[in-house]
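This report concerns only the one structure given below.
We did not get these values from a lab; they are worked out from the coordinates using the rules stated. Small disclaimer: the values here were computed from a predicted structure and weren't measured.
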């Protein structure tokens with residue numbers, strides 16, 4: 001039998017919920033209201049709610065708008081330690097090259 005490489009449904013749900021809680025706490029620490037996010041960044045209240053509650057019905061566009069609105073960024077890491085952070089991703093999209101990075105923790 002092939003090894004199952006995907007995340008179990010329960011782990012995905014817990015992960016989404018924890019990420020949503022964390023993002024909400026960052027938004028609140030910065031004093032940014034959901035009203036501000038809808039008016040200044042064009043993200044719908046339902047999308048904010050879905051992200052913060054850990055729902056599975058939001059798009060990557062909404063997620064990227066959300067983290068931009070709260071002045072945060074993210075990075076993706078391979079298990080081998082190489083990662084691509086938000087700034088590198090933007091540079092790559094603009095035709096530049098990202099720098100290979102290793103974990104430092």
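Between region 7-37 and region 39-85, the C-alpha centres lie 9 angstrom from each other. Computed on region 45-93, the Cα convex hull volume stands at 97 Å³ per residue. Here the alpha carbons of region 10-72 define both size measures, Rg and Dmax, at 10.8, 35 Å.
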